[in-house]
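> Shown below is the structure under consideration.
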């Protein structure tokens, strides 16, 4: 069976050097085990009945998690394609030439550069990872990672549409997001440790290798990154859908009264709901019971930290990084929202 | 994850996206209509990637292996930068299989019953209502006319509203509801109009309801309840644009 699998998809007429006799190879989780597990799960489902799958709550959960995944897939593909292209086609020294030499200066420049990547937050994670692999200082790459989903024109336009007549909200979102991104970049310069990152990111040896076809490198990198990040996206979508379906909206009203608690509550809500950054302004606009500052916190935290992003970052940069970075980002984003919201809104 | 499985996964995900967008319109249950071109493009890219993977395996990919026999017990995916795709990628089979074989239904009464009503934007000026009777209105427009229109143009007019049934849970009434996406089902918001005067229809039925404003509170102010005395309720198919805040569109 292993052997036949190996030959699937080899087109006829392509000269293939014979590949040696079938060899049984050990793998941590061989296909056989997975198939057996899937068969067992199917059998259990069939025997126990599929009734629970038709419970309204389960159906709503499946719908919401599939919706988050489907909505994010095009942006994840865009991000991984860009990341693959950066790896394979962009000369290694391009970014080091373009960015300021001093990392402390490179951070705000990278943050502002986030405006050029349109779309949702899922695209920016693989791109930031490939930037680091191409020698961009992690601090600058992280500033880009945080600012890109929040300050690109698509998201700012959506914010203006969702809050008609209050351009201050758009300005406050732009400023607070940029400030958070820059502070997080500097914080990484000050306190960050490379050992929190996955080993692959620490040795920056990838990119085009002499003697290999760039197109094949691009395709393989693209495919690997997409499958990898896609798995984490599904995980994050399922977690977010769980909160989305189980949390009764009446909880909202209990917190809207207190100005301080409401900021923290909406920041937490942004993390749990994982609403796409193009749509979160509409959700924020509907939270009418809350102060503008609390809603700004929702808009600033949401594109930077949420369940699906934490899952994506854990997969791309490593778990040790993801939880530290997400926790710190949440704190910085809340502080930035309170300061800038207090001044502008 | 082995190469053929990766290729299968890419192909299945691509097929799922194309199935949901080109062959059917199931994608409308999950995301806004505007994402369709992006989803089609993604499906095509994934299928191409799978094809390239299937075709490329015979040639360049294998080249580094071919001159030597892989030792027993060695890893499989050596010979290029990306050693092994992690097991987490198996999770991608869930949405792919869901899209192709077992698409979850659209959000309905369960979600609507648990959601608060979406606040209606404040509108200052109201154009005169067209003379058609019954007058088709969206649930949002009806609510605005009832609660904000000082001229009370909607008084004694017969209107026609479309939505699905959400039982109120507390007493005899029920709500005609629409769920609205800004981007995808995760950011859904609910608009509700209370219905009086009929038996509660089964939850999730799409209805076209004709009736007049149920007089409670002062019309044209926030005290007025967005509610309808039902004269006629006719079951209809779910409109194509079920999850937007617009008048229902039907395939011609």
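> Residue A:333 passes all but one of (1) in contact (Cβ under 8 Å) with a residue 24 or more places away in the chain; (2) surrounded by fewer than 17 Cβ atoms within 10 Å (Cβ to Cβ); (3) under 17 Å from residue A:147 (Cα atoms); which number fails?
(2) is the only condition that residue A:333 fails.
> Facing chain A (nearest Cβ under 9 Å), in a loop (DSSP other than H, G, I, E, B), modelled with pLDDT of 85 or more and touching a strand residue (DSSP E or B) at 6+ places or on another chain (Cβ under 7 Å): is that true of residue B:107 in this structure?
For residue B:107, the condition - facing chain A (nearest Cβ under 9 Å), in a loop (DSSP other than H, G, I, E, B), modelled with pLDDT of 85 or more and touching a strand residue (DSSP E or B) at 6+ places or on another chain (Cβ under 7 Å) - is met.
> Of the conditions (1) touching a residue at least 24 places away in the same chain (Cβ under 8 Å); (2) away from chain B (no Cβ under 14 Å); (3) touching a helix residue (DSSP H, G or I) at 6+ places or on another chain (Cβ under 6 Å); (4) not in a loop (DSSP other than H, G, I, E, B), residue A:261 satisfies every one except a single condition; which number is it?
With (1) touching a residue at least 24 places away in the same chain (Cβ under 8 Å); (2) away from chain B (no Cβ under 14 Å); (3) touching a helix residue (DSSP H, G or I) at 6+ places or on another chain (Cβ under 6 Å); (4) not in a loop (DSSP other than H, G, I, E, B) applied to residue A:261, the lone miss is (1).
> In the range A:275-290, what residues are in contact (Cβ under 8 Å) with a residue 40 or more places away in the chain and out of contact with any strand residue (DSSP E or B) (no Cβ under 9 Å at 6 or more places or on another chain)?
A:277, A:278, A:281, A:284, A:285
> Next question. So, in the range B:15-25, of the ones that are touching a helix residue (DSSP H, G or I) at 6+ places or on another chain (Cβ under 8 Å) and more than 10 Å from chain A (Cβ to nearest Cβ), which residue ends up surrounded by the fewest Cβ atoms within 10 Å (Cβ to Cβ)?
Within the range B:15-25, the match that is surrounded by the fewest Cβ atoms within 10 Å (Cβ to Cβ) is B:22.
> Filter the range B:28-40 down to the residues that are more than 7 Å from chain A (Cβ to nearest Cβ) and in a helix (DSSP H, G or I), then identify the one that is farthest from residue B:187 (Cα to Cα).
Here the answer is B:40.
> While we're looking at this one, here's another question. Find the residue count for the range B:107-146, including only residues that are surrounded by fewer than 20 Cβ atoms within 10 Å (Cβ to Cβ) and more than 30 Å from residue B:31 (Cα to Cα).
Going through the range B:107-146 one residue at a time, the tally reaches 11.
> Out of the residues in the range A:227-252 meeting the condition of being over 19 Å from residue B:104 (Cβ atoms) and within 8 Å of chain B (Cβ to nearest Cβ), tell me which one is nearest to the chain's Cα centre (by Cα).
Here the residue is A:232.
The values are calculated or read from the model by the stated rules, or taken from the named source; none is laboratory data. In this text the structure is predicted, and so the values were computed from the model without any measurement. Note: ideal-geometry Cβ built from the backbone for every residue, glycine included; neighbour counts use all protein chains shown.
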